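Please read the structure below before turning to the comments.
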Amino acid sequence: MGKTALITGVTGQDGAYLAQLLLDKGYSVHGVKRRSSSFNTGRIENIYQDPHEPDARFHLHYGDLTDSTNLIRLVQQTRPDEIYNLAAQSHVAVSFETPEYTANADGIGTLRLLEAIRILGMEKTTRFYQASTSELYGLVQEVPQRETTPFYPRSPYAAAKLYAYWIVVNYREAYGMHASNGILFNHESPLRGETFVTRKITRAAAAIKLGRQDRLYLGNLDAKRDWGHAREYVRGMWLMLQQEQADDYVLATGETTPVRTFVEWAFADVGITLRWEGEGESEKGYCGDTGRCLVEVDPRYFRPTEVDLLIGDPTKAREKLGWTHDTSPRDLAREMVEADLELMRTAPIAKGA
Ligand code: NDP
Ligand code: GDR
């Protein structure tokens, strides 16, 4: 009999890659999805199994991290060997608009799941992965950032995730739970949500190339991020739960790139060379070969407090887990642009990213 895993946030980018990885490893996978007025399972369509099939190993359940009784029942029904808590209101900018909800889902939601395990007496049998984040580092204290670098959260999202991080450490120490934090630096893919900056850029580059969009509006182009590939990062999550001892690990590439460089890469990949224009107060942005301005800075996307520089040191994960990454940020941009060009040729454009 293979192991059983419960994944919250299975409909998200990481949930989709992780579910695929675990199914490939022979697990039975239970995914928690939120009720939505429209289909929200697009990323997991390829692994969906008809629940009427007797040997189905992928099961979806309705649930929400703000609902304790629901979480207790799900853990009780599925009795998982491993829980991966990936569900979150994961958008940093949106967390300034919805700070209380973000705290509830991302912070207290983690506590609810840990309590579900404890209430059911499963703290010695169920292993727990928490989707912690490089956003915890926030205001730069040390570079590159590693497991011992002090935290300084810079958003309601990061503050909520800080609570989640420490409650996981506390439950590990207080109750001997096998509970680990993966402190993951930004990771992207063709499945990345459309409002995160890399995907917003690669979609726009493809749409502008195909004449389906006129201009891309972005915020802070000078922020630097350590971007890896989501498919490689979910392997690290799994590795953390296979260790004898639970612990906390950074997953990162060790390479950092400004947002503006990612913009230049993506447009180069669709054959458009950008030129930076207008250092004055107005009309700061990039124009294409024809002189038409294609990328404009719009202050509405600035954040009240920003995280300027993230660059991670994944030495511990490499030495203890044997985790490595293969995809460079440059290759990642290329893969995402190619996927969006393909998608853009067939799919309608969603507005509001
Ligand atoms: P996504 O935003 O793509 O996915 C988030 C998932 O959580 C979705 O399935 C979403 O459902 C679900 N969700 C949101 N709120 C709730 C709730 N209240 N109850 C139940 N489910 C909910 O995020 P990623 O896949 O990119 O990230 C996965 C996790 O890793 C998140 O916790 C994120 O904060 C964290 N993280 C991500 C990093 C990254 O670079 N991607 C880096 C470090 C940490 P729906 O589909 O219905 O919206
Ligand atoms: P981040 O990712 O905040 O690092 O959080 P995001 O892609 O949203 O922003 C990265 C940087 O780009 C700048 N930026 C813009 N961002 C967005 N979304 N839209 C814009 O138009 C834009 N213009 C510039 C931002 O200011 C920022 O500096 C992601 C999420 O996946 C979190 O859940 C996760 O914890 C962290 O990565 C690690």
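What are the residues in the range 179-191 that are more than 7 Å from ligand 1 (Cβ to nearest atom) and in a loop (DSSP other than H, G, I, E, B), if any?
Ser189, Pro190, Leu191
Looking for something surrounded by fewer than 22 Cβ atoms within 10 Å (Cβ to Cβ), within 14 Å of ligand 1 (Cβ to nearest atom) and under 20 Å from the mean Cα position of the chain (by Cα) - is there at least one such residue anywhere in the range 111-124?
Yes, the range 111-124 has at least one match.
Hey, among the residues in the range 216-234 that are assigned to a loop (DSSP other than H, G, I, E, B) and either modelled with pLDDT under 95 or within 12 Å of ligand 1 (Cβ to nearest atom) (or both), which one's nearest to Thr327 (Cα to Cα)?
Within the range 216-234, the first condition is being assigned to a loop (DSSP other than H, G, I, E, B), and the residues that meet it are 219-223, 226-227.
Those still in the list that are either modelled with pLDDT under 95 or within 12 Å of ligand 1 (Cβ to nearest atom) (or both) too: 226-227.
Values: Asp226: 12, Trp227: 9 Å.
Within the range 216-234, the match that is nearest to Thr327 (Cα to Cα) is Trp227.
Which numbered condition in (1) closer than 28 Å to Tyr129 by Cα; (2) within 16 Å of ligand 1 (Cβ to nearest atom); (3) of a type in the set (A, V, I, L, M, F, W, C) is the only one that Val259 fails?
With respect to (1) closer than 28 Å to Tyr129 by Cα; (2) within 16 Å of ligand 1 (Cβ to nearest atom); (3) of a type in the set (A, V, I, L, M, F, W, C), Val259 is out only on (1).
Among the residues of the range 84-113, count how many are touching a strand residue (DSSP E or B) at 6+ places or on another chain (Cβ under 7 Å) and not β-branched (Val, Ile, Thr).
Of all residues in the range 84-113, those touching a strand residue (DSSP E or B) at 6+ places or on another chain (Cβ under 7 Å) come to 84-88, 110, 113.
From what is left, the residues that are not β-branched (Val, Ile, Thr) are 84-88, 113.
Final tally of qualifying residues: 6.
Quick test for you: out of Gly219, Gly193, pick the one residue that is within 15 Å of Tyr17 (Cβ to Cβ), within 12 Å of ligand 2 (Cβ to nearest atom) and not aromatic (Phe, Trp, Tyr).
Details: Gly219 fails: within 15 Å of Tyr17 (Cβ to Cβ).
Result of the check over Gly219, Gly193: Gly193.
Given the criteria without any contact (Cβ under 8 Å) to a residue 40 or more places away in the chain and β-branched (Val, Ile, Thr), does Ile72 qualify?
Values: without any contact (Cβ under 8 Å) to a residue 40 or more places away in the chain: no; β-branched (Val, Ile, Thr): yes.
It is false that Ile72 is without any contact (Cβ under 8 Å) to a residue 40 or more places away in the chain and β-branched (Val, Ile, Thr).
Please give the strands (runs of 3 or more DSSP E) falling wholly within the range 1-104 in which 2 or more residues are touching a helix residue (DSSP H, G or I) at 6+ places or on another chain (Cβ under 9 Å) and within 30 Å of Thr305 (Cβ to Cβ).
Ranges flagged: 82-85.
Does Leu162 qualify as being within 12 Å of ligand 2 (Cβ to nearest atom), among the aliphatic types (A, V, I, L, M) and crowded, with 22+ Cβ neighbours inside 10 Å?
Values: within 12 Å of ligand 2 (Cβ to nearest atom): yes; among the aliphatic types (A, V, I, L, M): yes; crowded, with 22+ Cβ neighbours inside 10 Å: no.
When the stated conditions are applied, Leu162 does not pass them.
Specify which of the listed residues (Gly63, Gly42, Gly138) is outside the structural domain of Asn220 (by TED's automatic domain parsing) and surrounded by fewer than 16 Cβ atoms within 10 Å (Cβ to Cβ).
Details: Gly63 fails: surrounded by fewer than 16 Cβ atoms within 10 Å (Cβ to Cβ); Gly138 fails: surrounded by fewer than 16 Cβ atoms within 10 Å (Cβ to Cβ).
Among Gly63, Gly42, Gly138, only Gly42 is outside the structural domain of Asn220 (by TED's automatic domain parsing) and surrounded by fewer than 16 Cβ atoms within 10 Å (Cβ to Cβ).
Kindly list the number of the only condition in (1) touching a residue at least 60 places away in the same chain (Cβ under 8 Å); (2) of a type in the set (Lys, Arg); (3) within 18 Å of Lys284 (Cβ to Cβ) that fails for Arg203.
(3)
The values are calculated or read from the model by the stated rules, or taken from the named source; none is laboratory data. Just so it is clear, the structure is predicted and the values come from calculations on it, not from any experiment. In this analysis, Cβ positions are derived from the backbone assuming ideal geometry, glycine residues included, and neighbour counts consider all displayed protein chains.
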